[in-house]
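A short reminder: the numbers here are calculations on the coordinates, not readings from a lab. Small disclaimer: the values here were computed from a predicted structure and weren't measured. Here the Cβ positions follow ideal geometry from the backbone for every residue, glycine too, while neighbour counts run over all protein chains shown.
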Amino acid sequence: MEVIQTRVVTVSIDDLQKMMSSVVRKELETLMSNPYIGDDFKEELWDRSHAAKFLGISEQTLIKLVLEEKLVAQKSGRKYHFLKSSVMKFLRNTGSN
């Protein structure tokens with residue numbers, strides 16, 4: 001039979017705040033360097049029509065690419081939204097194949 005031990009760790013409020021600040025800072029740095037977010041959160045958000053027109057394909061083909069997980073999109077209800085950087089990344093990846 002396995003014995004499970006529980007440990008209680010006490011941390012001062014100041015130390016807890018420092019740890020939380022450090023974690024939040026690291027997460028923000030990760031978000032800022034993520035190509036899906038873009039610089040300073042000034043990313044363009046495109047609808048299905050705009051993204052399809054930019055790529056020169058039909059909206060049905062665009063959704064097919066999303067369902068095949070070849071293109072990143074966010075679905076909100078019946079609508080799909082595309083970050084410009086995601087569309088550009090898709091173009092870079094298809095151009096190198």
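With each label point set 7 Å from Cα along the Cα-Cβ vector, what nm distance links VAL9 and ARG92?
Modelled inter-label distance: 3.7 nm.
Among rounded, prolate and oblate, which fits region 52-97 when a ≥ b ≥ c are the square roots of the eigenvalues of its C-alpha gyration tensor, a/c under 1.5 means rounded, and a/b larger than b/c means prolate? Mind dumping the intermediate values first?
Working: a/c = 1.72, a/b = 1.55, b/c = 1.11.
Prolate shape, in that a/c is at least 1.5 and a/b is the bigger ratio.
Determine the alpha carbon to alpha carbon distance for each of LYS64/LYS84; LYS26/LYS89; LYS53/LYS75; LYS26/LYS84; LYS53/LYS79 and list only those over 21 Å. Numbers along the way, then the final one.
Details: LYS64/LYS84 18 Å; LYS26/LYS89 24 Å; LYS53/LYS75 18 Å; LYS26/LYS84 25 Å; LYS53/LYS79 16 Å.
Checking Cα-Cα distances, LYS26/LYS89; LYS26/LYS84 exceed 21 Å.
Highest mean first, how do 50-59, 18-27, 67-76, 80-89 rank when packing is the count of other Cβ atoms within 10 Å averaged over residues?
Numbers: 50-59: 15.2, 18-27: 10.3, 67-76: 12.5, 80-89: 17.9.
Ranking the peptides 50-59, 18-27, 67-76, 80-89 by packing returns 80-89, 50-59, 67-76, 18-27.
Just to confirm a number: summing +1 for Lys and Arg and -1 for Asp and Glu over residues other than SER86 whose beta-carbon lies under 14 angstrom from that of SER86, what do you get? Present the calculation step by step, with values, prior to reporting the outcome.
Working: positive: ARG48, LYS70, LYS75, LYS84, LYS89, ARG92; negative: GLU43, GLU44, ASP47, GLU69.
Local charge sum for SER86: +2.
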